[in-house]
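Asker: Structure in structure tokens, see below.
The values are calculated or read from the model by the stated rules, or taken from the named source; none is laboratory data. Fair warning: this is a prediction, and the values are worked out from it, not measured in the lab. Positions of Cβ are backbone-derived with ideal geometry, glycine not excepted, and every protein chain shown enters the neighbour counts. All accessible areas refer to the heavy atoms of the entire protein, side chains included, with ligands and DNA or RNA removed. Shrake-Rupley method; radii C 1.70, N 1.55, O 1.52, S 1.80 Å.
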Amino acid sequence: MAVIAPSRRVRRTPFTDGVEAAGVKGYTVYNHMMLPTVFRSVEEDYHHLKAAVQVWDVAVERQVELRGPDAARLMQMLTPRDLRGMLPGQCYYVPIVDETGGMLNDPVALKLSEDRWWISIADSDLLFWVKALAYGYRLDVLVDEPDVSPLAVQGPLADKLMERVFGDAVSELRFFRFGWFDFEGNTFAVARSGYSKQGGFEIYVEGHANGMPLWNALMEAGKDLDVHAGCPNLIERIEGGLLSYGNDMTRDNTPHECGLGRFCSTQTAIGCVGRDALLRVSKEGPTQQIRAIEIEGDMPVCDRVWPLTSGAKRIGQVTSAAMSPDFKVGVGIGMVRMTHWDEDTELTVQTQDGPRRAVVREKFWI
Ligand code: THG
């Protein structure tokens, strides 16, 4: 493939200088910003992520900030997850739905205080929808994208590295909690979260100029831990069943189809704009759902929808797939119709290089 032409519309991040110095080999565009996809090779990055510790430029996880007396009300309008029990210092994975119950995004929400929230978004222009709701409902809330850029530290040695830079207390953070930690005179939110199953943290770096000093400090402090620049790893995130908005699901899908029903409490999510629609569809239950798909044989890059078939019938699609070095099979994420979604159902996946045998699995690999 040719290179992406750089321009103002394809934003650099506060960490791009470090990413380039580390020898990045590929990018995608996510929230109009550069997201690294590979450093050494996707396989090498994968093995290293599972063995050591990586620093990820995930500044593309842009924040939509809600600030003001109506912030909590607006937040609950966006999601069918019941937020009444959420405390400051907590992160929630929240499906965001439109008035039809269609998925608009699947961010992590951070409650900074009753009247201040960050929505750490996946790849869609959620800001416009949130601004329109605030304006249309005449809410007393400011909505914008602050100068905040997440930097992730992921891998089994993440605690060790983070303690060296932020102090021992950082490792006391529980999963999906955040606290405030100092770095060179600035205070950043640090959460135990991240887009991998290897454990780790996300630092919400405020102020573009603070990006490279922190990047450099982490790289310096982790030398003996074999710290490397990394990025969300395609293989590892499929093994872990971490969904990719725009790939594995779109506005055409409900949270229940995406397997995100456990993050919905639609009955009690009073004010959610998609509530009525979701109550209607969830009465019957979804007729298709996300499944782990095991694929046989070699595979091309999954850069398009791969139809899933049973005989001559189309019964779903695979939207993410890769060869797994650890599990020694093709791993995939698919949307499968109810008639064929049971464990061990044998299917065919139509790749651009031809058909491959595929099997529905009960669970993801990690
Ligand atoms: N962290 C932050 N922002 C993000 C992502 C992130 N924005 C974009 C994208 N990732 C949003 N999508 C996801 C998908 C999965 C998870 C988080 C964000 C995730 N899921 C856990 C899981 O499925 O195992 C658990 C969630 C839970 O149990 O509450 O972490 O990664 N800041």
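Asker: Starting from the range 323-366, pick out the chymotrypsin sites (Phe, Trp or Tyr not before Pro) whose DSSP state is loop and whose Cβ has at most 14 other Cβ atoms within 10 Å. Display every interim value, and only then the final one.
Answerer: Numbers: sites: Phe327, Trp341, Phe364, Trp365; in loops: Phe327, Trp341, Phe364, Trp365.
Here the sparse-neighbourhood loop sites are Phe327.
Asker: Only loop residues by DSSP count here, and only those with at most 14 other Cβ atoms within 10 Å; note down the GluC sites (Glu not before Pro) in the range 257-336 that meet that.
Answerer: Glu296
Asker: Given the Cα-Cα distance of Thr287 and Trp180 and 0.36 nm per residue of separation, how much length would full extension add, in nm?
Answerer: Details: separation 107, 0.36 × 107 = 38.52 nm, distance 4.32 nm.
Length difference between fully extended and current span is 34.2 nm.
Asker: Between Arg9 and Asp252, what FRET efficiency follows from the Cβ-Cβ distance if R0 is 35 Å, with the result rounded to 0.05? Kindly include the intermediate steps, with their values, before the conclusion.
Answerer: Numbers: r = 26 Å, r/R0 = 0.75.
Calculated transfer efficiency: 0.85.
Asker: While we're looking at this one, here's another question. Top mean-square fluctuation among His228, His47, His256, Gaussian network model of the chain, C-alpha springs under 10 Å?
Answerer: Among His228, His47, His256, the largest GNM mean-square fluctuation belongs to His47.
Asker: Now for a different question. Would you please give the residues with an amide H less than 5 Å from that of Arg40, counting only those at least 5 places away or on a separate chain, with H modeled from the backbone geometry?
Answerer: Asp45
Asker: Over the range 290-366, calculate the relative contact order: mean separation of alpha carbon pairs under 8 Å at least 6 apart, over the residue count, as a percent. The partial results should precede the final answer.
Answerer: Values: 179 pairs, mean separation 30.5, N = 77.
That works out to 40 percent.
Asker: Moving on to the next point. Hey, with R₀ at 22 Å, roughly what FRET efficiency would Asp353 and Val329 work out to, going by the Cβ-Cβ distance, to 0.05? Present the calculation step by step, with values, prior to reporting the outcome.
Answerer: Values: r = 17 Å, r/R0 = 0.78.
After rounding, the FRET efficiency stands at 0.80.
Asker: Quick one, can you get me the convex hull of the C-alpha atoms of the range 29-140 expressed as volume per residue in Å³?
Answerer: Values: hull volume 14.2 nm³, N = 112.
About 127 Å³ per residue, rounded to a whole number.
Asker: In Å, what Rg and Dmax follow from the Cα atoms of the range 169-246?
Answerer: When restricted to Cα atoms, the range 169-246 yields Rg and Dmax of 13.9, 39 Å.
Asker: Probe radius 1.4 Å, ligands and nucleic acids ignored: give me the carbon and sulfur share of the accessible area of the chain as a rounded percent.
Answerer: On the way: 8270 of 16410 Å².
Heavy-atom surface of the chain belonging to carbon and sulfur, 1.4 Å probe: 50 percent.
Asker: A follow-up question, please. Among Gly85, Gly155, Gly330, determine the one that fluctuates most according to a GNM of the chain built with springs between C-alpha atoms less than 10 Å apart.
Answerer: Result for the chain, Cα springs under 10 Å: Gly85 fluctuates most.
Asker: Calculate I(q)/I(0) for the range 126-279 by the Debye formula, one identical point scatterer on each C-alpha and no solvent, and give its log10 at q = 0.10 Å⁻¹ to two decimals.
Answerer: For the requested q values the scattering log ratios are -0.50.
Asker: Would you work out the relative contact order for the range 135-202, in percent, from Cα pairs under 8 angstrom that are 6 or more residues apart? Each step should come with its number before you reach the end.
Answerer: Values: 84 pairs, mean separation 21.7, N = 68.
Averaging sequence separation for qualifying contacts and normalising by length gives 32 percent for the range 135-202.
Asker: Using only helices, what value at 222 nm comes out for the chain when you add -39,500 (n - 2.57) per DSSP H run of length 4 or more and divide by the total residues, to the nearest 500 deg cm²/dmol? Spell out each step's value before the answer.
Answerer: Numbers: 8 runs with 71 residues, N = 366.
My calculation for the chain gives -5500 deg cm²/dmol from helical runs alone.
Asker: How big, on average over all directions, is the shadow cast by the Cα convex hull of the range 250-315, in nm²? Before the final figure, lay out the partial values.
Answerer: Numbers: hull surface 25.8 nm².
That works out to 6.5 nm².
Asker: Let me ask you something else. With +1 on each Lys and Arg Cβ and -1 on each Asp and Glu Cβ, and nothing else charged, work out how big the dipole of the chain is about its Cα centre, in Debye to the nearest 20. It would help to have the intermediate numbers written out before the result.
Answerer: Values: 39 positive and 50 negative charges, 165 e Å.
That gives a dipole near 800 debye.
Asker: With unit charges on the beta carbon (Lys/Arg positive, Asp/Glu negative), name the residue among Met75, Phe364, Gln90 whose Cα is farthest towards the positive pole of the charge dipole of the chain.
Answerer: Met75
Asker: Now a separate question. Before anything else, pin down the relative contact order of the chain: Cα pairs under 8 Å, at least 6 apart, normalised by residue count, whole percent.
Answerer: Details: 854 pairs, mean separation 65.6, N = 366.
Over the chain, the number comes to 18 percent.
Asker: Then there is this: Compute the whole-percent fraction of alpha carbon pairs in the chain spaced more than 28 Å apart.
Answerer: On the way: 30793 of 66795 pairs.
For the chain, the fraction of Cα-Cα distances above 28 Å is 46 percent.
Asker: Separation of the range 126-201 and the range 8-39 by C-alpha centroid, Å?
Answerer: Result: 19 Å between the Cα centres.
Asker: Give the lysines reachable from Lys363 as a straight Cα distance under 19 Å; neighbours fewer than 8 places away on the same chain don't count.
Answerer: Reachable lysines: Lys197, Lys328.
Asker: Mind telling me which of Leu279, Leu110, Leu218 comes out most flexible in a GNM of the chain, alpha-carbon contacts under 10 Å?
Answerer: In the Gaussian network model the winner is Leu279.
Asker: Here is a further query. How big is the charge dipole of the range 112-208 about its Cα centre, in debye rounded to the nearest 20, if each Lys and Arg gets +1 on its Cβ and each Asp and Glu gets -1 on its Cβ?
Answerer: The calculation lands at about 380 debye.
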